[in-house]
Amino acid sequence: MPDEMDIDLTNDRPVYIIGGGPGGLAAAAALREQGVRAVVLEKSESVGASWRRHYDRLHLHTTRRLSGLPGLAMPRSFGRWVSRDNVVRYLEKYAEFHELEIVTGVEVSRIEPSGSDWLLHATGGRLLTGRAVVVATGYNHTPRLPDWPGRDSYTGEVLHAGEYRNAAPYAGKDVLVVGVGNTGAEIAVDLVEGGAARVRLAVRTTPHIVRRSTAGWPAQRTGILVRRLPVRLVDRVGGIMGKISVPDLAEHGLPRPETGLYSRVREGAIPVQDVGLIDAVRSGKVEPVAAVDSFEDSKAVLADGTRISPDTVIAATGYRRALEGLVGHLGVLDERGRPVTHGGRAAAQAPGLYFTGFTNPISGMFREMAIDARKIAKALAR
Ligand SMILES: Cc1cc2nc3c(=O)[nH]c(=O)nc-3n(C[C@H](O)[C@H](O)[C@H](O)COP(=O)(O)OP(=O)(O)OC[C@H]3O[C@@H](n4cnc5c(N)ncnc54)[C@H](O)[C@@H]3O)c2cc1C
């Protein structure tokens, strides 16, 4: 991979892609295929930085075949559920295969219009001019740790799930995992398997849990099929399917959710794919408890008033997109900080500024980023 000394960043006005994760690499490859020069600017030292940091046991919960990026399928040898290390291998190979222009160690802090071009403010006071920009800095950008009252004076260990690698440091310990999205659910199971003495899972809103696949049929394929159907219909069918395929865990502290599955997806909460949570909850190895409200010295105070003293609290409380500094002044974000456009459409007030990777569809994000990449390339090749 060339470093910044090898590429003259000023020799013409390429399309700049900010971020060398799957979204940015896919966009770069699709643009190259259309004959459009694209330069990827990546702040870390290598592509796939987010995937390198994920916890050890992580596998894609979307299938290999439905997670390939434009122009290069994932090899069969990766199996159906691709491991984190193989995702990283794939991204490295992808950049090499498509001969992408990638400059590492360059962070873009702000983007501004400059005539019909875009001016990028980057590391070291560098200014770069591009004919268009694709923002692919990631949905899972900045860890979000709730501002719990008393957290500063809490004497126990608190870490964000983004810092969790594996269960080894927690063997024999009492751990409270906060948040039951896919990450919280999987970390709880990992802790049980890795020998933690006690694992509790703090739940504010009970999640929809789906089997990763049923009789060989992956949940992702259902997600793709129902994506354009009316929300109420999918909610109803999802409710029936849920009752058939997932046992009632109410007596173990995890009742079925009251809001429909697809309604929740539309609010940004994709269902939890079961990678062992159902069994762990049924056998009592993972104990659902009420949400964390605050901390008091050595105790976590739960929403039902219970006070508990775990050795470690792991907050699987999500991430922020953190796009405000980069593009917040351009009127392209909604009130929740999400880009108002994605894929091949740019906002009227920001022609040439594209976003990929900021939606969270039921059909899988790798697949979505592949679709968006082709749309962006088509729009820019016009
Ligand atoms: C635990 C977990 C599991 C997931 N599993 C799946 C799955 O099974 N299937 C699926 O389809 N999706 C999955 N996703 C969702 C999604 O596919 C991934 O988050 C994916 O990595 C998103 O790709 P991205 O390119 O948008 O962002 P990222 O992979 O986060 O890449 C963004 C890149 O931009 C760089 N960057 C950020 N800011 C700047 C800046 N200002 N200047 C320069 N560079 C910058 C970062 O260093 C990073 O390399 C998962 C997400 C998580 C967190």
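The numbers here are math on the coordinates, done by the rules we state, and not lab data. Because the structure is a prediction, the values reported are computed rather than measured. Heads up, the Cβs are rebuilt from the backbone with ideal geometry, glycines too, and the neighbour counts pull from every protein chain shown.
Values as computed for the structure displayed
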| item | result |
| --- | --- |
| Hz values of 3J(HN,Hα) by residue in the range 176-181 - Karplus curve (6.51, -1.76, 1.60), Gly and Pro given as x | 10, 9, 9, x, 10, x |
| Cross-link pairs Lys43/Lys375; Lys173/Lys285; Lys173/Lys299 - those with Cα-Cα distance over 22 Å | Lys43/Lys375 |
| Isotropic mean projected area of the C-alpha convex hull, the range 86-186 (nm²) | 11.1 nm² |
| For the range 144-318: relative contact order, % (alpha-carbon pairs under 8 angstrom, 6 or more apart) | 39 percent |
| Amide hydrogen neighbours beyond the local backbone of Leu201, cut-off 5 Å, H modeled | Val177, Glu287, Val289 |
| Ser294 long-range amide H proximity, modeled H, under 5 Å | Val301 |
| Amide H contacts of Tyr354 (H built 1.01 Å from N, under 5 Å, at least 5 apart or other chain) | Val133, Val134, Val135 |
| Under 15 Å from the Cα of Lys378 - aspartates and glutamates, other chains or at least 8 residues apart | Glu33 |
| Whole-Å semi-axes of the range 26-139's equivalent ellipsoid (Cα gyration tensor) | 29, 17, 11 |
| Fewest-first ranking of Phe78, Phe358, using other Cβ atoms within 10 Å as the exposure measure | Phe78, Phe358 |
| Peptide ranges 233-245, 197-209 listed from the most packed, as the mean C-beta count within 10 angstrom indicates | 197-209, 233-245 |
| Calculated diffusion of the chain, Stokes-Einstein form, Kirkwood radius summed over Cα pairs, 4 °C and 1.567 mPa s, µm²/s | 59 µm²/s |
